[in-house]
Every structure is written in structure tokens, then in C-alpha cells.
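So the structure is just underneath, and the comments pick up after that.
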Amino acid sequence: MIRLAFAAALAAMALAGLAAAAPQKDAHKIDFAGSEAVMELGDALGPYSLPKAAQPRSAEWYTFTAVNGSKRPATRVLHAGQPAAEALRILPRPTRPAIVAVASADPGVIVEKAKAFGGRAYLVTVPPETSAPIAVEIANAGSPPSLLAWTEPALAAHNRQLGIFIAAVAGLIFAAAAIAAGLAVMSGHRAPLWAATALGLVLLSRLAATGMFDASLATRVGGPYGLTAAFAGLALAAGARLANAAAPVTGLWPRAGRPFHLGVLGLAVISALAYLGAPAATDLTYLCVVLGSGALAAYLVHCGGRGVRAARMLAPSATVFALVTLAGTLSTLGLLGETTLAPDIGGGFAAAGAVLLALAIAAGEGFAILPGARRHSHHDAHPMALTAIGASHQGIFDLEFGDDVVVLSREAAALLGLGEAEGRMPHGAWLARIHDEDRPVYEEALSNFRSQSGLAFRIEFRARSQSGRYPWFELRATMMGDGACASRCLGLIADITARKESEPAADSAQNDALTGLPNRAALLARLKAMGAGLRAAVLALLDIDRFKAIHASLGDEGADAVLARASERLKDRFGADAEVYRFGGDAFALLFSQPKANAAAIGAQIAETCAGAYAQGGRSVFAPASIGVAEGRQAEGGEALAKNAELALMRAKRDGGGCARVFEPSMNGEKPVDPVALEAELRAALERDEIELYYQPIVRLASEAVAGFEALARWRHPTRGLIAPKDFIAHSEETGFIVELGRFTLERAARDLAQWQRFFPVDPPLFVSVNISRRQLRDPAFERLLKQALDGSGVLSGTLKLEVTESAIDADAQDALHRVREIGAGLAIDDFGVGQSSLSRLKDIPFDTVKIDQSFISRPEAVSGEGAVVLRSIVALAHELKRDVVAEGVETADDARRVRDIGCEFAQGFYFSPPLSLADALNYVARRYGLKQSAKNASGAAGLGGQT
Ligand code: C2E
Ligand code: CA
Ligand code: CA
């Protein structure tokens, strides 16, 4: 009421002024009876200033003179227009221009609110043959202001058309977005998802521009201009994501991945700032949108030109969008002349672009050329096989000659450190990754084989990974195509760096550089040359059992020295009767052409020869070996003999190593473990709950009471029975599956320990130690996982220990171990003494327990003499550092007494107990502690009742 009165007062003052001023102002005359459907009054408006004090609002008064020369009353609808560049002010206005009030000094002039045209329009009727001064108060008017005067029918028609037009545009864009969204949901792929997101945002931006959200909460913050800009900026960000999904930027510029993602993030941030009405953010967003959409279109056109089919399909719609934004900007800047229609035309083209985009996405999915879309060659692959391929550190390599595009499956891309979307690249980009030295080989192979459709081949080369390294890859592929000339090359790509590095460099003399021994190729050539003489021969293969551990703790030089010593020893002992070969990294072969003993005896002699310690750097290093022996009379030829010996060697390894086995024909049935199948089986086993934890008691020697347990994984195989970790842990470490397996063991062990601690609240509390592989420590999620396991189970702090071998502790791991301690886990160094590290080297590592390797306890030569001295000094030093010592592998009463005498406080071994199932482990504790202690805990007693 007061406001109205106030406005009326202001209007009266304005009119008073007008009445005086109007007659002189000819320039401001507007012909209300004219035939133009719409007139822009902006130029005819004269500012009218009220005294400053009386002007409390951001609105301003303007005046003009309405002339009606006709014989009938003339009516016009007035409403505020949007001056050009209004959106591009440093601080955009919080609301759009609007008429607040209209008044006239001429009592014949009728002013009324034009409800039919929205609250902000006014109907002004001027009597016949009258010239009347009119005052208009406009809020947020630009300078120059814009005021439109429509004839009633024209405005009605315009609004009707505009309504239909906006609905059509919005409907089309919506339909396009819906199509893309539907495809995204059905396929789960990223390209349609980003397309749908971009289109949805384009739609919102269009709607915001028409003022649909003006009265809503959305524009309260940064005003309508900020909101529109924010939607446009986010639409571009999503569009950039889409373009990257279709044609990864890293395909063109390998290092651009990170800058690209940061750029997109930056754009999103700027858009958000525009929404919040931050100064200049709206302008900056529009600038990004114009330049960015142009750049995107250019990028897609370029990639399309280089053969990326997905880019080719997206390029037209991107170009349309780029033109739309450009036109939109020009019209916003007032450079396209008449402003009333330009935005709507822009809307129409935006709809066209949206439809084009949806069509491209739909077609891309249909032709299966969008990244992630299923490729026809994979249809026939069994899903299990695909999982297995993924799990076995190899991936699919697919080169399309037509498009000259390489597509790497997610797994293959991961081998190079690339994301899934980046696995698609022009062949040129792939070639650029291949090592300079290997590129000619690769190119030659492809060009030679291309003409031989159906040919399967295998090549090795190095390629640059994201980290800048050049791992070795093996590509086993087939040239595919209907005609003589292959249209694509499809195959498996695997990282073979580890194998390559352990391979001795090929030597033309077939001699191994380190040991001077002839190598594997020389052996195979010799076997071939033996002809009939082969039947009398015996071939023994030997492989050092824990060479990896030796290598890890002694380093390259130490490991090489051990190999050299081993070869010396073999030559000394057998040189007279046998030829000695270096068969591989840590494997040797002995060929007895006229054996003096039978195969079993030969095997036993070799095992004995390898069992002795090597003096290395003032320490004893044990490098026991497994031996496989095969007799020539059981083999068809040289290669078969070597294969038989390998089978026997495998058996020796399976039997625990450090022993010899002689080939028997029945071993032929034992196929070498197929790593791909094993991996898939293991995953399934974990899902089916076939992996169990066994617990081996760790006993306090003073009282022989159980102090804790070591958790050891077992695989309860439905047909093969209980499988020991040696048959799956090393493999899981190689493939990385250990990370998942490790998560399971950690959680299960924590859960079981928490239960025991509830049942047996003894002091000090029971502990459980869990074996952790190096790979797990490197897993970025490991610490979170550990924390969850500890917090979730509620075990007492420090009672869940991680067992880590000394070889797993490198500089990286040290930090991780400190954090592990902070989280509240204990830490034990496992298998201590196998390597060369001294305890003092480890003093900075926050471990609380040392586990002395079983080889120290059970070997006669380790027990007496030198070994015993080493053992004593380890224990003494550990105690000085305030660490506990656990002796592993205690098998007899004698062992137990000896380790106690030396000063170990804990022991673990078959003498006390083998690893036990969960139920047996509970019984074991219950027997040692009796139920009296646990009687405090009623639920504990009840729980045990069932188990005993
Ligand atoms: P480890 O950590 O050295 O574990 C001790 C191994 O010695 C166990 O073999 C145990 O059964 C065996 N053992 C215990 N007492 C005696 C004894 O008196 N004499 C002899 N000769 N052997 C004894 P197991 O269970 O076959 O485990 C073998 C290895 O597998 C473990 O060696 C550990 O390195 C690894 N492992 C087992 N479970 C896991 C697991 O959950 N995660 C990881 N990362 N590794 C595991
Ligand atoms: Ca262990
Ligand atoms: Ca151990």
C-alpha cells in the first residue's frame, strides 16, 4: 500500500516535470498510430531525472511523447527490451530490464497493466489527434535503454510464434538428450552419457536464456545471465569429455591427458563462478564457450581426418554447435543487427546440432565404433575368457587398417598406464609410442604380413608407457580379412618385461656371459646333434628355489655372484661326467651322455650339491634347488627330453622344492599350469568362498602357551582338495590378484582375531599375523582397507600384525610401513636371514617382531657352527632393538630347546602344531587356556561349547 502510494507520488512528480518539459522535446515523438508492428523506442527516450534524494531504486525514469495523428485511439503495448551486450557486463545485473511504472500527464491517456502479456508489459492508449507526454520507469535498463512498443495483435502473434518455436527447439533438444541418455543406460558406455549430459545442459541453457527460470530460486544468486552462462559452460565441459571419449586427446598428444582434465575442471569451476555472479566470470565463461566449442569442432574434424571414425561422426554436430555459439555471441554483442530474432534462430540451430549429435551417437553405438562399444570380434569370445584375458596381464590389441586406428582393450591400455578411453588412438600415435629401435621390426612385420590374411604371428617390441618407461610387449596376433589383404590385425598383447629382463642377452657364441656356460640354445642344438646317442643320455634340469628372494635381498651383484658360485660348484662336482649349461635365469642343465649312475642317484647328488651354503659377503646364503631328471630312452628326441626334464622339475617344485624328481610318463598328464585359467579359477574360488584361512599357533617358549597365530591361506578346491599357497600365491602376486586375495585374508583374520579376543581375554592379548605381499603394500587402497579391517572388527591395537618379507621392504614400502603402524597394526619381518640384510639396516623400520626363516632352524649346518653364531647374533641384536623374535620351522623337541636356549621367545612349527582350521585353532587355544579364563565371557563359553 505504502509502496503504491510512493510510486504514485513519484509518478505525479514525474508528470509535473513532464508537463513543463514535453512541449519542447520534438525529438522524442513516437507515432503510436504508425503501421510498424514493433518500434524500438530506445533512441527516442529522454532521461528524466528526479531529484537524487527521491530516487531510492535502481530504476530510472525515461520520457517520450506519444503522438496519435489518426481519428481513432491508438494503443501500444510497452515492454522493456534486452539491450545488446547486457549479459557481458563485468557484474551482470541480478534481474532483467523491466518496466516498473508508466504514467502520463494527459488525462486522456489510458495506462493499464497488460496482464495478457505478462505482468511486466503495459498497455498505453492515446486518444485521437493527441500528442501526450509519457513517462516510463524502467528497472535495470541498460544504457542505452531498450523499450519496445508493439501493436497488440503483433505482440500476441509474436508471442504465440515464439512460444511454439521455443517449445519446438526445447522439444527437439530434449528428444536428442533423451535418445543419448537411453543409449547410455542401455550400453553403459561413456560417450552417450557425456552426450546426454551435454545436451541436457544445452537445453537448460536455452531455457534459461528465454527467461524460464527468472522468477525462480536459481537466479537469486547470480542473476539470469550468470545462470545461462553457467549452463553453457558446463555443456561445453561435457562436450569436451564426449570428444575425448570419442577421440582421446592423448592419441594426438600423449602428454595432454592431465592438462586436458584440468582444463575441463577449470571450465566447470568458471561456470560455477558465473552462476554465483562472480565479477567477470560470466564474460570469461562465454569467452571459453566460444573459443572452446570452436576448438572442439576443429579437433574433431582433425581427428576425423586422421581416421578416427567416432570423431568423424561427431564432427558435424560439433561444428554446428560452434557456429551457434559464435552467432549467439555476435548477436549478444549487437553485431548481428536486429536483436529480437537472433537468439531464436540460434535456438533453432542448437536444436539441429542436438539432433545431429544424437544421431551420431546412436549410429556410433549401432556400428560399434564408439569407444567401449562392443566390437564384433569379441562377440564370439566367451565372457569367462575375456575376464581371464583381463586378469592375466594381457589385453586385446585391435588395429583397423581401413581407419588406421589402434584400439586397446581396457586391460591392454592399462599395461601402458592409459585409461580405457585413451586406449583408442590413431595408428600414427601408436607407432610413435614404439621404441625407435623396435619400430622398423614392427612396421616390417605388419607390412609383410598384411598381405597374408589369416596368418598368425608373434612379435616383441618396446613401447612407451605413460610413466615414460619402455616395457617389453609381446603381440600375438592374426591378420584378419575376407580378401587377400587383411583389413585388421587382432590379437593379444602382453607385458613380458619380467621375462625379457631375466633372459640372458643373446650371445652369438651361445655362451652365457656371466657363467661362461653354453646356454639353452646350445643345449638344444647339442641334443639334436646327439642323434641315437640320446637314448643313453640323462638330462637334469635344476632351478634355484627362492632365487627371487635372493635377488631381492642381495641385489644384482650378489645374485649374480650366487649364480656364478653355483655354476662353479656344478662344474667342479659334475664337470668330468656331464656338460653343464645355463638353461635360463636361475636354471642350469646337466647333460650326462654316458651316465655312471641312475637318474634318481644323479638327482640326489645334484640336490645335495646345491644344498650347501654359499659364503657371500661374509654371510651364508642358501640357494637350494629343485631338480628334474629325465632319461633319454623315454624321449623321442632332444626337445622331448628337455620337456620331460621340465615336467620332472615342475613336480619337484610342487613337492616343496629342494629335492629331485625323475620323469615318469604319468607326469605327461600334468599339464603345466595354465596361468589364464588359474587366474579365472582363483577369482571364482574367492567368490564361491573356497579360500579359507588356516591358523598356525605361535607359541611362547617359556610357557609353551599359545601367544598368537599366523594366518595362512588355503584353497579348498571342490575336486582337488586342499591346495597349498605355493600353488597360487606366487601366481596371484604376478597377476595382481593378490590385492583382492589379500583384502579377503586381512578382513577374515581381523574378524577371527576379534572373536578370539572376546573368548579369551588373556594378557598379553592373542595376536594374529597376516602375510602381506609387496604388491599389496603398493596398492593405494591398502591403508584404507587396513583401517577398515581394524576398526570394523574392533581388535586390540597392535594385535593384528602384518608379515612382510625383508625383500618386500624398499624405500617406497618404508613410508607405507610407518603409516601402517600409525593405523594400529603390528609389523613382523618374515623369513629373516634368507637374504643378506642385517637387522641394523632394518632398524629404521617400525617392526616389532622378527621371524627367523625356517632354513636357519632345521638345517644341520645352520644349527651348529657358523649358522648358530649368526642366529645368536640376530637374536641378541633384535633384543637390543627391543624386537621380539619368532623362530619358524621348529619341527622337533630338539629344535624347540635349541631356539629357546638361544633366546627366542616365540616359536612356530610342526612340533607345536601344523596350521589348523578355524575350528581347530579355537580348540587349540581352549585346551591351552582352559575355559576358566573365558568363563568371564559367557558368549565365549557358549561359542566354544559347540566347537569342542
Ligand atoms: P611363510 O610365511 O614362511 O609361512 C610359513 C610356512 O611354513 C607355511 O607354509 C607353514 O605351513 C610352513 N611351516 C610351518 N611350520 C613348519 C615346520 O615346522 N616345518 C616346515 N618345513 N614348514 C613349516 P604354507 O602355509 O604352505 O605357506 C607358504 C607361504 O605362502 C607362506 O610362507 C607365505 O609366504 C605364503 N602365504 C600363505 N598365506 C598367505 C597369504 O594369505 N598371503 C600372502 N601374501 N602369502 C601367503
Ligand atoms: Ca609368513
Ligand atoms: Ca616365514
Leading residue by the ranking (nearest to the chain's Cα centre (by Cα)) among those in region 577-602 that are among the hydrophobic types (A, V, I, L, M, F, W, C) and closer than 14 Å to Arg526 by Cβ: Phe583
Region 753-773, residues that are assigned to a loop (DSSP other than H, G, I, E, B) and within 16 Å of ligand 3 (Cβ to nearest atom): Ile772, Ser773
Inter-residue pairs, beta-carbon under 7 Å, first under 14 Å from Val202 (Cβ atoms) and in region 315-334, second in a helix (DSSP H, G or I) and among the β-branched types (Val, Ile, Thr), 6+ apart: Thr325/Val289; Thr325/Val290
All positions within region 627-645 that are over 45 Å from the mean Cα position of the chain (by Cα) and not in a helix (DSSP H, G or I): Val629, Ala630, Glu631, Ala635, Glu636, Gly637
Residues that are at pLDDT below 90, within 14 Å of Thr805 (Cα to Cα) and within 16 Å of ligand 2 (Cβ to nearest atom), drawn from region 843-869: Asp853, Gln854
Counted residues, region 878-895 - those being buried (at least 16 other Cβ atoms within 10 Å of the Cβ) and closer than 20 Å to Phe767 by Cβ: 9
Number of the exception - Ala281 against (1) within 27 Å of the chain's Cα centre (by Cα); (2) of a type outside the set (Asp, Glu); (3) at pLDDT 80 or above; (4) crowded, with 22+ Cβ neighbours inside 10 Å: (1)
Test: residue in region 23-35 that is modelled with pLDDT of 85 or more, among the acidic types (Asp, Glu) and more than 30 Å from Thr285 (Cβ to Cβ): yes
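Residue-wise test of (1) acidic (Asp, Glu); (2) touching a strand residue (DSSP E or B) at 6+ places or on another chain (Cβ under 7 Å); (3) within 18 Å of Val706 (Cα to Cα); (4) within 14 Å of ligand 2 (Cβ to nearest atom).
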| residue | (1), (2), (3), (4) |
| --- | --- |
| Glu734 | yes, no, no, no |
| Phe759 | no, no, yes, no |
| Asn771 | no, yes, no, yes |
| Pro780 | no, no, no, no |
| Leu796 | no, no, yes, no |
| Thr805 | no, yes, no, yes |
| Gln814 | no, no, no, no |
| Arg821 | no, yes, no, no |
Region 699-713 - residue that is among the charged types (D, E, K, R) and more than 15 Å from Glu747 (Cα to Cα) and, of those, nearest to ligand 3 (Cβ to nearest atom): Arg700
Counted residues, region 399-422 - those being under 19 Å from Gly305 (Cα atoms), in contact with a strand residue (DSSP E or B) (Cβ under 7 Å, 6 or more places away or on another chain) and crowded, with 21+ Cβ neighbours inside 10 Å: 4
Among the candidates Gly794, Gly721, residue that is out of contact with any helix residue (DSSP H, G or I) (no Cβ under 7 Å at 6 or more places or on another chain) and away from ligand 3 (no atom under 16 Å from the Cβ): Gly721
Region 253-277 - residue that is surrounded by 18 or more Cβ atoms within 10 Å (Cβ to Cβ) and in contact (Cβ under 8 Å) with a residue 40 or more places away in the chain and, of those, nearest to the chain's Cα centre (by Cα): Gly257
Residue in region 183-216 that is nearest to Ala354 (Cα to Cα), counting only those that are surrounded by fewer than 23 Cβ atoms within 10 Å (Cβ to Cβ) and of a type in the set (D, E, K, R): Arg190
Options Ala685, Ala660, Ala702; residue that is away from ligand 1 (no atom under 16 Å from the Cβ), surrounded by 16 or more Cβ atoms within 10 Å (Cβ to Cβ) and at negative phi: Ala660
Residue list for region 896-923, restricted to those being crowded, with 16+ Cβ neighbours inside 10 Å and either touching a Pro at 6+ places or on another chain (Cβ under 6 Å) or within 13 Å of Glu710 (Cβ to Cβ) (or both): Phe906, Ala907, Gln908, Gly909, Phe912, Ser913, Pro915, Leu916, Ala921
Pair list, Cβ < 9 Å and 6+ apart or interchain, from region 635-660 residues that are under 17 Å from Leu527 (Cα atoms) to residues that are surrounded by 21 or more Cβ atoms within 10 Å (Cβ to Cβ) and polar (S, T, N, Q): Ala635/Asn644
Subset of region 717-730 that is over 13 Å from Arg654 (Cβ atoms) and either in contact with a strand residue (DSSP E or B) (Cβ under 6 Å, 6 or more places away or on another chain) or modelled with pLDDT of 85 or more (or both) - its residue that is nearest to ligand 2 (Cβ to nearest atom): Ile729
Of all residues making up region 219-237, the number that are modelled with pLDDT of 90 or more and surrounded by fewer than 22 Cβ atoms within 10 Å (Cβ to Cβ): 0
Looking only at region 592-626, and only at residues there that are part of a loop (DSSP other than H, G, I, E, B) and among the aliphatic types (A, V, I, L, M), the one that is farthest from Glu664 (Cα to Cα): Ala613
Qualifying residue in region 553-570 (condition: touching a helix residue (DSSP H, G or I) at 6+ places or on another chain (Cβ under 7 Å), outside any helix (DSSP H, G or I) and surrounded by 16 or more Cβ atoms within 10 Å (Cβ to Cβ)): no
Pair list, Cβ < 7 Å and 6+ apart or interchain, from region 89-117 residues that are touching a residue at least 24 places away in the same chain (Cβ under 8 Å) to residues that are of a type in the set (Lys, Arg) and assigned to a loop (DSSP other than H, G, I, E, B): Ala98/Arg120; Ile99/Arg120
Spans of strands (runs of 3 or more DSSP E) in region 59-138 with at least 1 residues closer than 16 Å to Val38 by Cβ: 60-68, 74-80, 98-104, 122-126
Members of region 423-462 that are touching a strand residue (DSSP E or B) at 6+ places or on another chain (Cβ under 8 Å), surrounded by fewer than 17 Cβ atoms within 10 Å (Cβ to Cβ) and either assigned to a helix (DSSP H, G or I) or of a type in the set (Val, Ile, Thr) (or both): Arg439, Val441
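The values are calculated or read from the model by the stated rules, or taken from the named source; none is laboratory data. As the structure is a computational prediction, the values presented were derived from the model and not from experiment. Glycine gets a Cβ as well: all are built from the backbone with ideal geometry, and neighbour counts include every protein chain shown.
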